[in-house]
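Undergrad: My questions all concern the structure below.
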Amino acid sequence: MKNRYEIRLSGSGGQGMITAGIILAEAAGVYDGKNVVQSQSYGPEARGGASKAEVIISDKEIFYPKATAIDILLAMTQEAWEKYSSDLNPDAVAIVDSWYVKDLDKPGVISLPLSQKAREEVGLEIIANVIALAAIAQITGVVSREALERSLLSRVPKGTEEKNRQALEIGFRLGKEAKK
Amino acid sequence: MSKDIRLLQGNEACALGAIYAGCDFFGGYPITPSTEVAEEMALMLPKKGGKFIQMEDEIAGIGTILGAAAAGAKAMTATSGPGFSLMMELLGYGCMAEIPCVIVNVQRGGPSTGLPTKGAQADMMQARWGTHGDHPTIALCPSSVEESFKLTVKAFNLAEKFRMPVILLLDEFIGHMREKMQMPAPGELELYTHPQPTVSPAEYTHYGDGSSVGGPYASMGSGYRFNITGLTHDQHGFPTGRSDEIQWKMDRLKDKIEKHRPELLEVDQEFMDDAEIAVFSYGGAARSAQQAIREARARGIKVGLVRPTTIWPFPDQALEEILRKVKTVIVAEISQGQLLGEIQRLNQTHTKVIPVQRYDGEMLTPNEVLNAIVEVTK
């Protein structure tokens, strides 16, 4: 495992990218004991518009809090892919949502049915961000499954734990299938 | 007991720091990128028996904290540029009436409505001179989530001791960034609360000599009678036109800072022992500088970082000494030169000073600072 990861989670405002960034950072920082910094950028509008959260996970102290060379990219929409995929490391892992990102200009991108499975299996498209986090954990090992689950369940609203656990399992499964 | 380690935003850490410091009143009006401070205070204060009030605008917001503080509360408000502009008149009132309170400004891009969701460090001069007249200013600038907590506590302590509004000058970068921090245990950080008067109400003077820094002062409603006004006043708080009393009052305000600089000033230095180049930076911009100086050191360049966490009063003496010592100073900031101007004012030795600035709502990148450092060595 590398000792420093720069991760960018991107999509449209309202898709839960910033929430996903917080859950990932808390999992790696508080439960896995790494150094983490999480930051975000978004427009003045509450919904829509490209939105991104960045998480840096490192064994060493982190000074500059923004990502400059992406090791792991998640793009949930075509707009996010086009806007945020220009500074990938050569060996970066790029994961996109197969429903919304159709037009890929790079080879080796992992296209997963994140929002489709969220709708079909959980009945909630909004939970695609959790499926994505689990897939990222499974594919890259950047965060432990246990830490991700603890962080997620400490942050989600009461009564939604079961659906969130289900989303995690779907994500782990998609990740395993993608790695084959 | 297990350590309480949390992932927090700078804004959340600020609110938690306020609670730790004993803040029991928050009045304000929400504005991006400071809203999380108000949200956290609204959640926490009622549970502690404190009061949270959302007012109709920022003018009313600062008005409530001045009133609450005059009545003995430890009070805070939080805002950003447009709201900070509206607060200027009453900030001056707080200075003149000598009311302790904490004003948080999470800086965003300006002027005017500017960039609601993007950061800047361009309110440094407004913090110092935004309200009219000669007046004392204390402003603190954190560069991390943990510092956001600790400097909020310090801001309350200084407000109580120096009996004046203290500004916490955050920026969107640190305010919205999340890092993990270990929560200080109760009693771990020193807290200061001003003493109450011990003389009888008949003998009490609200602005008596010895009461300006670290002295006792009474709360409204405590049985001690006094007047509060924005007019220049005598020891009892009543307006005066007498030259000697005006001079006394103005010296009193000035001396708060001038006679206590050492305990107010804090300048963090990294790698400065053998440095030939010094990067001057603070707040969010310092994070880029911290990365850049490490990369430059790895290339064998003798460079260090000078980072004031007290930006007002400006640490003249410490920075003057460094200007005399090094060959080149690089001033890295997210504004068009507000920090630079202060450095130039101090630069009597005509040391080479190079600005590195950005003002497009984004942080300086470490490379922008590194390139300036490398350029110096050519």
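Undergrad: For chain B, what does the helix formula give at 222 nm: sum of -39500 (n - 2.57) over DSSP H segments with n ≥ 4, over the residue count, nearest 500 deg cm²/dmol?
TA: Per the formula, -12000 deg cm²/dmol.
Undergrad: Output the relative contact order of chain A, whole-number percent, from Cα pairs under 8 angstrom with separation of 6+ residues. Intermediate results must be reported in sequence, preceding the final value.
TA: Numbers: 367 pairs, mean separation 40.1, N = 180.
Once normalised by length, the contact order is 22 percent.
Undergrad: Next question. How many partner chain Cβ atoms sit within 10 Å of a residue's Cβ in peptide A:57-64, on average, as a whole number?
TA: 4
Undergrad: Within the range B:67-108, whose backbone N sits under 19 Å from a point 7 Å along Cα→Cβ of B:Arg345?
TA: Label zone hits: B:92.
Undergrad: For Cα pairs less than 8 Å apart in space and 6+ apart in sequence, what is the mean separation divided by the residue count of the range B:5-182, i.e. the relative contact order in percent?
TA: Contact order relative to length: 31 percent.
Undergrad: Based on the Cβ-Cβ distance from B:Thr198 to B:Ile228, what FRET efficiency comes out when R0 is 22 Å, to the nearest 0.05?
TA: Between B:Thr198 and B:Ile228 the formula returns 0.55.
Undergrad: Let me ask something else. Using the basic label-point model (7 angstrom from Cα toward the beta carbon), what is the B:Glu39 to B:Ile5 distance in nanometres?
TA: A separation of 2.5 nm, rounded to one decimal place.
Undergrad: While we're looking at this one, here's another question. With 10 angstrom as the radius, rank B:Asp360, A:Asp71, B:Asp171 by how many other C-beta atoms surround their C-beta, starting from the fewest. Working shown, then result.
TA: Numbers: B:Asp360 9, A:Asp71 20, B:Asp171 29.
Fewest-to-most ranking of B:Asp360, A:Asp71, B:Asp171: B:Asp360, A:Asp71, B:Asp171.
Undergrad: Also, I was wondering about something else. Assuming a ≥ b ≥ c are the square roots of the Cα gyration tensor eigenvalues, decide whether the range B:255-332 counts as rounded (a/c under 1.5), prolate (otherwise, with a/b larger than b/c) or oblate.
TA: In terms of gyration-tensor shape, prolate.
Undergrad: To continue, here is another question. List A:Lys106, B:Lys180 from most exposed to least, where exposure is judged by having the fewest other Cβ atoms within 10 Å.
TA: Ranked by crowding around the Cβ, least crowded first: A:Lys106, B:Lys180.
Undergrad: Give me the distance between the Cα centres of the range B:36-75 and the range B:332-378, rounded to whole Å.
TA: 38
Undergrad: Taking chain B as the reference, fit the longest principal axis to its C-alpha atoms, fit the long axis of helix B:366-377 to the helix C-alpha atoms, and give the angle between the two in degrees, 0 to 90, nearest 10.
TA: The angle comes out at about 60 degrees.
Undergrad: Can you list the lysines whose alpha carbon is less than 17 Å from that of B:Lys154, not counting same-chain residues fewer than 8 positions off?
TA: Straight-distance partners of B:Lys154: B:Lys74, B:Lys256.
Undergrad: Would you tell me the mean number of C-beta atoms belonging to other protein chains that fall within 10 Å of each C-beta in B:166-179, as a whole number?
TA: That average works out to 3.
Undergrad: A further question follows. Could you work out how far apart the two model spin labels at B:Tyr359 and B:Glu263 are, taking each label as a point 7 Å from the Cα in the direction of the beta carbon, and quote it in nm?
TA: Placing both labels 7 Å along Cα→Cβ, they lie 3.7 nm apart.
Undergrad: For a paramagnetic label modelled at 7 Å from the Cα of B:Glu245 toward its Cβ, which residues of the range B:80-100 fall within the zone defined by backbone nitrogen distances under 16 Å?
TA: Backbone N within reach: B:97.
Undergrad: Net charge near A:Arg119, counting Lys/Arg +1 and Asp/Glu -1 over other residues with Cβ under 14 Å of its Cβ?
TA: -2
Undergrad: At a 10 angstrom cut-off on C-beta neighbours, averaged per residue, how do the peptides B:197-203, B:225-231 rank from highest to lowest?
TA: Ranking, from highest mean packing down: B:225-231, B:197-203.
Undergrad: Could I ask something else about it? Fewest Cβ neighbours within 10 Å first, please rank B:Ile53, A:Ile139 accordingly.
TA: Going from sparsest to densest Cβ surroundings: B:Ile53, A:Ile139.
Undergrad: Can you work out the FRET efficiency for the pair B:Arg299 and B:His132, with r the C-beta to C-beta distance and R0 = 56 Å, to the nearest 0.05?
TA: It comes to 0.70.
Undergrad: Say R0 is 30 Å: what FRET efficiency, to the nearest 0.05, do A:Glu161 and A:Ser58 get from their beta-carbon distance?
TA: Working: r = 30 Å, r/R0 = 1.01.
My answer for the efficiency is 0.50.
Undergrad: A further question on this structure: Work through the residues other than B:Phe25 whose Cβ is under 13 Å from its Cβ and net out their charges, Lys, Arg +1 and Asp, Glu -1. Don't jump to the answer; show the numbers that get you there.
TA: Working: positive: B:Lys48, B:Lys51, B:Lys74; negative: B:Asp24.
It works out to a net charge of +2.
Undergrad: Continuing with this model, one more query. Treating cross-link reach as a plain straight distance, find the lysines whose alpha-carbon is under 18 Å from the alpha-carbon of A:Lys60, omitting any fewer than eight places away in the same chain.
TA: A:Lys2, A:Lys34, B:Lys180
Undergrad: Peptide A:27-38: average number of partner chain Cβ atoms within 10 Å per residue?
TA: Across A:27-38, the average partner-chain Cβ count within 10 Å equals 3.
Undergrad: All other residues with a Cβ under 13 Å from the Cβ of B:Glu147 taken together, and with Lys, Arg as +1 and Asp, Glu as -1, what is their net charge?
TA: -1
Undergrad: OK, next. Gaussian network model of chain B, Cα springs within a sub-10 Å range: biggest mean-square fluctuation belongs to which of B:Val166, B:Val153, B:Val303?
TA: B:Val303
None of the figures in this text is laboratory data; all of them are computed from the coordinates on show. A quick note: this is a predicted structure, and the numbers were derived from the prediction, not measured. Because the Cβ atoms are built from the backbone with ideal geometry, glycine has one as well, and the counts that use them run over all protein chains shown.
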